[in-house]
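Report on one structure; see the data block that follows.
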Number of protein chains: 2
Amino acid sequence: MAARGGGGGRGGPARVSNLDGDAPESTDFANYFCTYAYLYHQKDMLEDHKRTGAYYNACMQNREQFAGKVVLDVGTGSGILAIFAARAGARKVYAVEATDMAKSAKRLVAAQGLEGSIEVIQGVIESVELPEKVDIIISEWMGYFLLRESMLDSVLVARDRFLKPGGALYPSHARMVLAPIRSNQCRQRQGDFQNSMEGWAEFLGEMKRYYNVDLDCLSDDYRKEQLDYFSHTAAWTDIHPSQVVGTAAVFKTYDLHTLTLEELKAPLNASFNIRVLEDGPVDAYCGWFDTQFKGSAENPTTNEVVLSTAPDPTGATHWGQQSFFLHPPVDCAEGDVLAVEIDVVRRKDNQRLMDVKIQHRVEGKGKARTSCFHIE
Amino acid sequence: MAARGGGGGRGGPARVSNLDGDAPESTDFANYFCTYAYLYHQKDMLEDHKRTGAYYNACMQNREQFAGKVVLDVGTGSGILAIFAARAGARKVYAVEATDMAKSAKRLVAAQGLEGSIEVIQGVIESVELPEKVDIIISEWMGYFLLRESMLDSVLVARDRFLKPGGALYPSHARMVLAPIRSNQCRQRQGDFQNSMEGWAEFLGEMKRYYNVDLDCLSDDYRKEQLDYFSHTAAWTDIHPSQVVGTAAVFKTYDLHTLTLEELKAPLNASFNIRVLEDGPVDAYCGWFDTQFKGSAENPTTNEVVLSTAPDPTGATHWGQQSFFLHPPVDCAEGDVLAVEIDVVRRKDNQRLMDVKIQHRVEGKGKARTSCFHIE
């Protein structure tokens, strides 16, 4: 048989298509948490200095907020955020990590001489016990397009279980943004799809000639599978700001202090307008996010820090931007208004992945088009 | 956080390192079976014509053995082997498939007008029920280095549950081969490892300068993780026969009619000699397999077919060969004898993956060296 590598097709996440509802915890552990047990992957995240630097600044530029406080780090990984919190003056930091990376975190904490103030706990936040409530919860929970991985769920659980009234979340707010872009990748992907279908046609011929088996009855399914891959899967992209050809719409904001788990798990729906700023095709909608460190209403930060994953001429964060390519592109003129409705829904077969539906039309022209994607 | 793709690190199979013993069935389904639910992957296997052609010939050149017989295809996938068996004259073929690919198989069977003789059953062979015993079991169960995926287990279960006395397995025999090779990939991998460690050193400097955090306490673990990846992971290779610099040793043969599940699950240990045929370094041991279609003692095939995955100037099968690179290579002279002992053991954290230990020495020179690998 020879299945190369593991997981789903083409290195995508495993799909548990014939199991009903949520995957059991063991499957989730195998498919999700395990990645974070590799130092190689921790290094990838740590050396994303826009990411690590933003958390560093959020702590170090707000020492007044940390001084003498009790902090919880949800999903500490290597332990870096716990170390920042302790260095910023926290009296005690609980650093919770599900994977064996907890052992590395423990050593890293000790190597900085911080074992007196940081306690690394291996476990999942939903079931660990802490001896006290905390003043601050810090966590780097963001996935692609903000919501992939659904790790914010765990941060909200931590908040409801452990945060003192008036305590602060770091970050405290998040925003999701969508903008129209121009990108040659659109045509490349279309070409890759065409090549793939030509390959299938040759393959059909071979199978018929060599073995007298006619596989044409599977052609529609193959076409769907390939379209799904090339046209309906969001792509990790590193977009240059000059590729953005319209206004960027902030279509969703989250205040993590008031957001409920129910709201977060519910389908996200938003309608908004985008103004086209250049003549020519819109090849894709490009999505990114930022998070803000404002503290809580009772305990605001002194210096607000923002971690942005917007298109940047110096290059993307490790999140990149998620681009949703349109097949075919939409022809636009400067001044056109794109009326957009977006739906983001968790996948039934894997709650950590997302389906995205974008309905859009150039106002006053043509009829609305619907494009569906998933974030792998 | 942003874990790219799913599964384990670098697209490798998921590791369930903190779960004891066997992964539960749902995890196995998510991580193993799901790959086979993609037509893209079925196409990869079908268009490996050494593979598909060998099964085709095994059926079509042995019509006497199939005429009027009842056949079971274990893991039918697209249904191709069931179709070959029916075309070779089988009265009835039960085609068992665990994944949703069973639905495609059903359509493919109908499109060939064979729904009268082929019954596609979606289920796992360990729990399906058949209304009768079968004369022949056909299956394409081989993984990398023959044993990866451990799917032969299921074929033996099928044999013990459903094969009539004297019935035949297609294939009936399998052989594992190891040979010394010369390959520049050995130095490439060593270079990649060095680059990776230089990258780590730079990373340590950055983390110290930017955030005053000293990660050196994790350097040994990082080194081990990277060595594991670059030096202790078997590589898929397409070796040219001219790269083979010594005799190829058949170190294990399986007669599938008599092999027990206990023998198959037990660690494999073999000792053998390899004669070096050229002066120069031995960079790796290269492993491959072949399977033979001899039928059973009571029902031998008329024409024996062999499916070989040996190095071939026309290119590898989709299995390639698994190469176990030596760091450093072993300097040899023509006529040297390499005394080799190999152990192949199923991984505790994933029974479908393998650990391979190779102990080897040039006879009469130096002392034995041990190299450990895993097959991902």
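For region A:290-376, the ratio of Cα radius of gyration to the globular rule of thumb 2.2 N^0.38 Å stands at 1.48. Projected label points at B:Ser271 and A:Glu115, each 7 Å from Cα along the beta carbon direction, are separated by 4.5 nanometres.
Only helices enter this figure: runs of n ≥ 4 DSSP H residues, each worth -39500 (n - 2.57), summed and divided by the residues of chain B, yield -8500 deg cm²/dmol at 222 nm to the nearest 500.
The three principal axes of the C-alpha atoms in region B:185-237 carry coordinate ranges of 43, 16, 12 Å, sorted with the longest axis first. Only one residue of B:Pro131, B:Asn31, B:Val340 has its Cα farthest out toward the positive end of the dipole of chain B, where Lys and Arg carry +1 and Asp and Glu -1 on Cβ, and that residue is B:Pro131. Straight-line cross-link partners of A:Lys294 among the aspartates and glutamates, defined as a Cα under 12 Å from its Cα and at least 8 positions apart when in the same chain: A:Asp255, A:Glu304.
Legend: calculated FRET efficiency, A:Arg209 to A:Arg187, from the Cβ-Cβ distance at R0 = 45 Å, rounded to 0.05, equals 0.85. The orientation-averaged projected area of the convex hull spanned by the Cα atoms of region A:120-180 comes to 4.9 nm². Compared with the rule-of-thumb size 2.2 N^0.38 Å for a compact globular protein, region A:49-160 has a Cα radius of gyration ratio of 0.98. Here's the list of aspartates and glutamates a cross-link from A:Lys365 could span, going by alpha-carbon distance under 12 Å and ignoring same-chain residues fewer than 8 apart: A:Asp331, A:Asp336. Here B:Lys106 is the anchor, and the aspartates and glutamates within straight C-alpha reach of less than 12 Å, apart from those fewer than 8 places off in the same chain, are B:Glu97, B:Glu115, B:Glu119. Comment: the Cα-to-Cβ extended label point of A:Tyr40, at 7 Å, lies 2.1 nm from its counterparts in the other copies, nearest first. Projected onto their three principal axes, the Cα atoms of chain B cover extents of 73, 55, 36 Å, largest first. Restricting the GluC sites (Glu not before Pro) of region B:92-189 to loop positions (DSSP other than H, G, I, E, B) with no more than 11 neighbouring Cβ atoms within 10 Å leaves B:Glu129, B:Glu132.
Here r is the Cβ-Cβ distance between B:Ala333 and A:Asp279 and R0 is 56 Å; the resulting FRET efficiency, rounded to 0.05, is 0.20. Spin-label pair B:Glu64-A:Glu262: with each label point 7 Å from Cα along the Cα-Cβ axis, the two points sit 7.5 nm from one another.
Each of A:Val250, B:Val330, A:Val124 has some number of other Cβ atoms within 10 Å of its Cβ, and from fewest to most they run A:Val250, A:Val124, B:Val330. Entry note, chain A: relative contact order of 18 percent, from Cα contacts under 8 Å with a spacing of 6+ residues. Among A:Lys252, A:Lys133, a tally of other beta-carbon atoms within 10 Å of each Cβ gives an order, fewest to most, of A:Lys133, A:Lys252.
Expressed in Å, the radius of gyration and Dmax of the Cα atoms of region A:337-376 are 12.5, 39.
A Stokes-Einstein calculation at 25 °C with viscosity 0.890 mPa s, built on the Kirkwood radius of the protein assembly as shown over Cα pairs, returns a diffusion coefficient of 86 µm²/s.
I need to check one value: relative contact order of region A:209-355, counting alpha carbon pairs closer than 8 Å and at least 6 residues apart, in percent. Relative contact order of region A:209-355: 33 percent. Remark: spin-label model distance A:Leu227-A:Lys348 equals 2.0 nm, labels positioned 7 Å along the Cα→Cβ axis. Under Stokes-Einstein, with the Kirkwood radius over Cα pairs as Rh, the value for region B:87-147 at 4 °C and 1.567 mPa s is 100 µm²/s. For a paramagnetic label modelled on B:Ala368 (point 7 Å from Cα along Cα→Cβ), amide N atoms under 20 Å away belong, within region B:328-352, to B:328-332, B:336-346.
Residues B:Ile239, A:Ile138 in ascending order of nearby Cβ atoms (within 10 Å, fewest first): B:Ile239, A:Ile138. Label-point distances for B:Leu277 to the equivalent site in the other copies, using a point 7 angstrom along Cα→C-beta, read 6.7 nm when ranked shortest first. Taking A:Thr314, A:Thr253, A:Thr302 in turn, the Gaussian network model of chain A (Cα-Cα springs below 10 Å) assigns the largest fluctuation to A:Thr314.
Against chain A, whose longest principal axis is taken from its Cα atoms, helix A:185-211 shows a tilt of about 60°. Gain on full extension, evaluated as 0.36 nm per residue between B:Gln359 and B:His49 minus their Cα-Cα distance, stands at 108.1 nm.
Starting from the label point of A:Thr370 at 7 Å along Cα→Cβ, the same points in the other copies fall at 6.2 nm, in ascending order. Given Cα pairs under 8 Å that are at least 6 residues apart, what percent is the relative contact order of region B:32-174? For region B:32-174, the relative contact order is 22 percent.
No lab work stands behind these numbers, since they all come straight from the coordinates. Just so you know, these numbers come straight off a predicted model, no measurement behind them. For neighbour counting, all protein chains shown are included, and Cβ atoms are generated from backbone atoms with ideal geometry for every residue, glycine included.
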